[in-house]
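**Student:** Okay, handing you the structure first.
The values are calculated or read from the model by the stated rules, or taken from the named source; none is laboratory data. Predicted model only: the values in this text are computed from it and were never measured. No Cβ is skipped: glycine too gets one built from the backbone with ideal geometry, and neighbour counts run over all protein chains shown.
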Amino acid sequence: MAVFLLVTFFAAVAVAGYVVDFTFGSLGLIPDQPDATIPEEGITWNYTTWLNIVVLPLAVSLLARFWRTGGAAVLRMTGGSPEPAEHGHGHAPTRHGHSH
């Protein structure tokens with residue numbers, strides 16, 4: 001089954017690549033090699049850098065709170081199947097939440 005998925009995904013990616021290449025080529029959206037330029041500015045400090053610096057402590061604090069409050073235990077519990085219901089013990093609850 002894993003080999004089938006691998007071959008299927010590889011074929012889908014290859015076909016999608018050819019479709020994009022032929023589509024962009026037929027529309028003239030692929031630049032010629034002499035016109036293609038590579039930016040040489042390297043790493044710059046811009047607004048996204050500062051936003052990343054601001055958001056990083058927030059993300060760390062949220063992760064710390066998640067681990068301190070037992071989030072990992074909750075995640076472990078959500079993966080299993082539900083416990084079987086007990087049948088035959090007493091009566092089913094009525095509409096108001098108590099049994100007779």
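**Student:** G90 - would you say it is at pLDDT below 75, in contact with a Ser or Thr (Cβ under 8 Å, 6 or more places away or on another chain) and loosely packed, with under 10 Cβ neighbours inside 10 Å?
**Tutor:** yes
**Student:** Can you say whether I30 is exposed (fewer than 10 other Cβ atoms within 10 Å of the Cβ) and assigned to a loop (DSSP other than H, G, I, E, B), as far as the supplied structure shows? It would help to see each step written out before you state the result.
**Tutor:** Details: exposed (fewer than 10 other Cβ atoms within 10 Å of the Cβ): no; assigned to a loop (DSSP other than H, G, I, E, B): yes.
Here the answer is no, as I30 does not meet what is asked.
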